[in-house]
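Here's the structure, in structure tokens; my notes come after.
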Amino acid sequence: MVTELEELVEFLSSPSPPVKKAAVEIVSGLTGSEEGLQSLSKYSEVLLPSLSQLLNESKEVSEPAAQALVNLSQKCELAKKMIQMGLIKVAMDMLYKPESCITRLLVMLLVNLAQLDDGVSSLLQIDDEKMHGLHIMKLVRSFCRSSGETADDQFEHVGSILVNISKTEDGRKLLLEPKRRLLKQIIRQFDSTNQLRKKGVAGTIRNCCFEAKNQLQNILLISEFLWPALLLPVAGSKTYSEQDVAKMPPELGSALSIEREPVTDPDIRVQTLEAIYLIILEEAGRRAFWSVNGPRILQLGYEYEEDPKAMRAYEQVGSLLVEEAGGPEESLEPTKAES
């Protein structure tokens, strides 16, 4: 006997537009609760393909369909099924159709699917040598070209996608390829006033710095943008003396010679300090850090730090700078890239 919920799911494929619209709105509403998600997950074999098909419909149908998929993708087993059915390619194709009106929701869906390793592989197009990295290049371009200064920032969640892909070695290698110049583009978004963008950029840089042992040269190739992104958040808000500024490159010294708005999110400060730590684990990284007067910046920034976790991150970096051999204290060595 067909249950009411099973019948509802079948109505998503109804030839009648009003019936289809009503069904998808009810389904979207059900995905807003844990109980609804649990009930609907029993019909995922029919539900997920039907919702995917509705992404091509008008906004009144595609929007609730996309909302439902975003909510459903929070459940790991359903996210896996979406990846297996090729929903990442569907979302990417839809994202760049001129008539698409669900951009933000599609990006949020990709964030959730990229929480899984299979999702990262699909986004990176690992198995397609000719297309490898194309999805990410498109997302980075959209992230950098869109404005983070408006209330309706359609691509702000791309920063979270970049954090997720950079937690894998394949993702970090792609972002650090000199010819693609992806990390350079991403870092420049750190100037955005949008905190979600800024946090995504900080997390991406931090994860990429796990490749410092093998790719330090590629990381330091973008020093002009890298050091301001890493040091300004942890420099405090005071004006630096002419003597201190004289020992810094212009892009860093000019920013520190005036009063600045502090970075209020302690997580961003922690992430940038952890990135610095990973860089200065390498001798060449320590030399580069000293060359921009980095230790002085951390010294002054630490004086004004109040967050306990951030203070520990300052101290972690400081422990390397005072050791002649430059080796990390065993208890402080990072273990893995974060998502």
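Okay, here's what the table says:
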{"item": "Solvent-free Debye scattering, log10 I(q)/I(0), computed from the Cα coordinates of region 222-322 at q = 0.11, 0.13, 0.24 Å⁻¹", "result": "-0.27, -0.39, -1.44"}
{"item": "Highest-first arrangement of 257-269, 221-233, where packing means the average Cβ count within 10 Å", "result": "221-233, 257-269"}
{"item": "Pairs beyond 18 Å (Cα-Cα), from 198/247; 20/42; 42/80; 89/138; 138/179; 89/130", "result": "198/247; 20/42"}
{"item": "Region 63-87 residues near the modelled residue 131 label - backbone nitrogen below 15 Å, point 7 Å along Cα→Cβ", "result": "83-87"}
{"item": "Which label in (1) 44, 19, 18; (2) 33, 28, 19; (3) 31, 25, 21 gives the computed semi-axes √(5λ) of the Cα gyration tensor in Å", "result": "(1)"}
{"item": "Mean Kyte hydropathy of -0.5 or more with a Cα span along the axis of at least 18 Å, helices from DSSP in the chain", "result": "17-30, 59-72, 266-280, 308-321"}
{"item": "Of 171, 133, 119, the one that fluctuates the most in a GNM where the chain has Cα springs shorter than 10 Å", "result": "133"}
{"item": "Label-to-label distance, nm, for residues given as residue 191 and residue 22 (7 Å Cα→Cβ offset)", "result": "5.4"}
{"item": "Region 225-239 versus region 131-192: alpha-carbon centroid distance in Å", "result": "21"}
{"item": "If the convex hull is drawn through the Cα atoms of region 1-85, its volume per residue in Å³", "result": "87"}
{"item": "Nearest-0.05 FRET efficiency for residue 307 and residue 53, computed from C-beta distance (R0 51 Å)", "result": "0.60"}
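Bear in mind that the values in this text are calculations on the coordinates, not laboratory data. Given the structure is predicted, the values throughout are model-derived calculations rather than measurements. No Cβ is skipped: glycine too gets one built from the backbone with ideal geometry, and neighbour counts run over all protein chains shown.
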